Amino acid sequence: MDCLKEVKVLSPTGILGYGFPEESFLIGLAKNPDWIAVDAGSTDPGPYYLGSGKSFTTENAVKRDLTLLMRAACERDIPLVIGSAGGSGALSHLERDKKIVFEIANEFGLSFSFATISAELEREFVVSEFKNGKISSLLPAPEIVEADIRNSAHIVGQMGVEPIIDALDGGAQIVLCGRCYDPAVFAAPAIRLGYSKALAIHLGKILECGCIASVPGSGSDCIMGYLRDDSFSVEPLNPLRRCTVTSVAAHTLYEKSNPCFLPGPGGALNLSETSFCQESERRVKVAGSSFVDSGKKTVKLEGTRFAGYRTISIAGNRDRIFISQVESILEDVKRQVAENFRRSLFPYTLDFIVYGKNGVMGDLERCQHTEGHEICIVIDAVASKQEEANTICSVARSILLHAGYPGRVATAGNLAFPYSPSDVAMGEVYVFSIYHLLEVDETSELFPVTYYNIVGGQVR
């Protein structure tokens, strides 16, 4: 069998809308990439964006990035594949980014074949699959119950490479996906051409975060992947950055519970025989990765449900006596708030996040002693109505501001507020309700493809 020629994959940025230097992008285009791919979303910003249907990237930022990408793809007649449209990949996110695609096409008179792939699932379909025993827990998520599904505002499935390959086979040059496995947009065109699934997905794992795998790292800069039939290489396009064995290997392993097996749709990457080699000063070569088929097809489901309204207040304190007693002080504030509202009919939650003590790790914090000279306290109140959340936050803030404690001398306020007003209504709160696996026979019905023919900027 003849060796496959080297293909080049250009990744402009970690997430569409995060930006990238135009100079880096032009360097990449000068190397004649075979396709451009970019991830556009993540669950990292939390459940709010899927639940609300809003995006964590702005239209202006996405349009800036997408204009450069679309014009380059059309001028060079190469594919452009975009994953997890609008941040969370639900139908509303897909529609927003589709609108931006149409706007850019019209403004620049572009001509191309275009496909969108939907990833949002109907609740009744998911309920039916649950009743058929097709949904299993994805640890550490708890076992799912029917109410989790019915109470979800939006449910998406995370597509793998197959729907993207279908869209490319259908003639699409630019493909806009709903919720998508991050490496899939980079790997799908390669797997379609016959390249190793393992190497293509591993390369996608590196490229999907832009230049984070370089030194110095950045999620807002361009990187190129070079894929061959037996290995791949990665190289940042900004001359101020370089890839090292450590930076590429570290990025391969991040966000994973097992250093040798990286699970994804349909199986897992096996890295037990993977090698990383410094190919040049700025370029690293990777070989030896394999793919272990799971023997069944599964789709990760993500769903969120409405949980109330939030109000927060942010304040600082630098009194060492207060700081030494902060835990007991905050517990007493909670007690007093509960006493004030023991006759009220509305439920609420009140929490305090203490930065400078354990604000990042919470109960998992191993350092038991607060050594800093100042702390930041975030008062976090959630209730079923915004006014109720406002009330709980306001009362908690007032009690904490003037709370007495052993050793206190001054009678001025305990808190320093950086902002006025001190309380901020954050609006709707969502929590993850579904983070599970759905077993399927085929994925094509879950992720329907819609085609558009765009000529001179007009949809035909």
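The numbers here are math on the coordinates, done by the rules we state, and not lab data. Please read all numbers here as calculations on a predicted model, not as lab measurements. Cβ: placed from backbone, ideal geometry, glycine included. Neighbour counts: every protein chain shown.
Give me the extension gain from Thr67 to Arg408: residue separation times 0.36 nm, minus the current Cα-Cα distance, reported in nm with one decimal. Don't jump to the answer; show the numbers that get you there.
Numbers: separation 341, 0.36 × 341 = 122.76 nm, distance 5.95 nm.
That works out to 116.8 nm of additional length.
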#### Entry: For the stretch 93-171 and the stretch 188-231, distance of Cα centres in Å
23 Å
### Whole-number percent relative contact order across the stretch 47-124, with pairs defined as alpha carbons under 8 Å at least 6 apart
33 percent
### Task
May I ask you to sort Ile321, Ile174 by Cβ crowding, counting other Cβ atoms within 10 Å and putting the fewest first?
Ile321, Ile174
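Between Ser272 and Val424, what length in nm is gained on full extension when 0.36 nm per residue of separation is reduced by their alpha carbon distance?
Working: separation 152, 0.36 × 152 = 54.72 nm, distance 4.93 nm.
Result: 49.8 nm gained on full extension.
Which GluC sites (Glu not before Pro) in the stretch 371-453 pass both tests, a DSSP loop state and at most 12 other beta-carbon atoms within 10 Å? Mind showing how you got there, number by number?
Numbers: sites: Glu371, Glu374, Glu387, Glu388, Glu428, Glu439, Glu442, Glu445; in loops: Glu371, Glu374, Glu442, Glu445.
Here the GluC sites (Glu not before Pro) that fit, given the DSSP loop and packing criteria, are Glu371, Glu442, Glu445.
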### Task
Among [x] 31, 29, 22; [y] 44, 26, 23; [z] 39, 26, 18, find the value of semi-axes √(5λ) of the Cα gyration tensor in Å that was calculated from the structure presented, and write down its label.
[y]
## Note on the structure
Taking the chain and a Cβ-Cβ threshold of 4.7 Å, the cysteines left without a partner are Cys3, Cys74, Cys209, Cys211, Cys222, Cys243, Cys260, Cys277, Cys367, Cys376, Cys393
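Give the residue list of chymotrypsin sites (Phe, Trp or Tyr not before Pro) in the stretch 429-460 that are DSSP loop and have at most 15 other beta-carbon atoms within 10 angstrom.
Working: sites: Tyr430, Phe432, Tyr435, Tyr451, Tyr452; in loops: none.
Sites meeting the loop and neighbour criteria: none at all.
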### Message
Net charge around Gly457, counting only other residues with Cβ within less than 13 Å of its Cβ (Lys, Arg = +1; Asp, Glu = -1)?
### Response
0
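Summing +1 for each Lys or Arg and -1 for each Asp or Glu, what net charge is found among the other residues whose Cβ lies under 12 Å from the Cβ of Thr349? Intermediate results must be reported in sequence, preceding the final value.
On the way: positive: Arg310, Lys334; negative: Asp351, Asp380, Glu388.
With Lys, Arg at +1 and Asp, Glu at -1, the net is -1.
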### Task
Once you have all Cα-Cα distances for the stretch 1-129, histogram them in 5 Å bins from zero and send the whole-percent values.
2, 10, 19, 20, 18, 12, 8, 5, 3, 1, 0
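Quick one: net charge around Leu400, please, counting Lys, Arg +1 and Asp, Glu -1 for every other residue with C-beta under 14 Å from its C-beta. Don't skip to the end; give the middle numbers.
Details: positive: Lys334, Arg335, Arg397, Arg408; negative: Asp319, Glu327, Glu331, Asp332, Asp351, Asp380, Asp423.
Net charge in that neighbourhood comes out at -3.
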